[in-house]
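Okay, structure first, notes after.
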Amino acid sequence: MQTLLDVILPVFLVIGFGYVAVWRGLFPVEGVDGVLRFAQNFAVPCLLFQAIANIDIAGSFNPRLLISFYTGAAICFTLGILGARVFFKRDWEDCVAIGFCCLFSNTVLLGLPISERAYGADALTGNFAIIAFHSPFCYGLGITVMEIVRNRGQSGGQLIRSVTRAMFRNALVIGILAGFAVNLSGVSLPTVVDDALSLVVRAALPAALFALGGVLIQYKPEGDMKAIIMVCVIGLMIHPAITWNMGTALQLDQDLFRSGVLSAAMAPGFNAYIFANMYGRARRVAASAVLIATASSILTVWFWLSVLG
């Protein structure tokens, strides 16, 4: 329990700092929008670029682990979309944004430190494999489905052009693709460029979390609690359960199995809100789900650690 508090409490303190700053008038609401744009369009894309450019893709690739984790993620994305539509009668665009909350686990900010403290640094190979493909998979799937929904009724050619245009105009996707291009080409970034990127990257998560705190002033969970609870159940319990069963069926070794299940058990990351904000859909659900699921994960991750042994 202390380990989880040590990891999660600092996250809540930064979110709380942003909330109090806006609540008490110490930081303007318009300023939060600026911080969020900085995080969404500059800092987080730089973070994704640098992470993917430097990771050992070939050494981290394990098909059975990726199938176990990402099959669970895709199923949860589908469950979130259908649940929001069937049970809460949301517009299809809202449904996709809510589904993305069920899809995008916080594999970096929570997954890495919890796994390291639980099983040691030598057991993180699986975590890095998942992280290498996490943003490309989630954003690729989320943006594609959202653009299909937004442009329904168009011809096949128009639909493909709309999806492609949205993908290649998105700063996060550009950062991901540029990272893969650098990684696969074997080009080394000049030290001065890498150092500059590192300066921006260090601001990414604090800025994003501070902005989330400020955003919560604007998006209270009234009327959306059932949808938020659905996101929490799917993300914190169903995703790791699917990964557990698939990992067992595919006979993953113990370290990879633990990495897959624990990564799947993480609360939605801030990127869930970035995606919702990008399309102006279900922002209240996304902001509150990130906060409430992160708090709930103190108990749910404790459960998964106990059954993993």
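What to note about this one:
- Gain on full stretching of the segment that runs from residue 303 to residue 61 - 0.36 nm per residue minus C-alpha separation: 84.3 nm
- Extending 7 Å from Cα along the Cβ direction at residue 174 and again at residue 24 yields two label points whose distance is 3.8 nm.
- Relative contact order of the chain, pairs being alpha-carbon contacts under 8 Å that are 6 or more residues apart, as %: 34 percent
- Once C-alpha pairs closer than 8 Å and six or more residues apart are averaged by separation and normalised to the residue number of region 224-294, the relative contact order reads 42 percent.
- Of all accessible heavy-atom area on region 2-46, the percent that carbon and sulfur account for (1.4 Å): 69 percent
- Restricting region 1-102 to chymotrypsin sites (Phe, Trp or Tyr not before Pro) that sit in a DSSP loop and have at most 13 other Cβ atoms within 10 Å of their own Cβ leaves 61.
- Inter-part distance, region 60-104 to region 226-294, computed on C-alpha centroids, equals 9 Å.
- Solvent-accessible heavy-atom area per residue, rounded to whole Å², over the chain at 1.4 Å: 44 Å²
- The accessible surface of region 155-275, taken with every protein chain in place and a 1.4 Å probe, is 66 percent carbon and sulfur.
- Sparse packing (at most 12 other Cβ atoms within 10 Å of the Cβ) combined with a DSSP loop state is found for the following trypsin sites (Lys or Arg not before Pro) in region 107-206: 152.
- Accessible area of region 60-122 belonging to carbon and sulfur atoms, whole % at 1.4 Å probe: 61 percent
- Under the criterion of Cα pairs below 8 Å and six or more residues apart, the relative contact order for region 94-157 equals 43 percent.
The values are calculated or read from the model by the stated rules, or taken from the named source; none is laboratory data. Since the model is a prediction, treat every value here as computed from it, not as a measurement. Positions of Cβ are backbone-derived with ideal geometry, glycine not excepted, and every protein chain shown enters the neighbour counts. Just the protein is used for accessible areas: all its heavy atoms, side chains included, with ligands, DNA and RNA removed. Shrake-Rupley method; radii C 1.70, N 1.55, O 1.52, S 1.80 Å.
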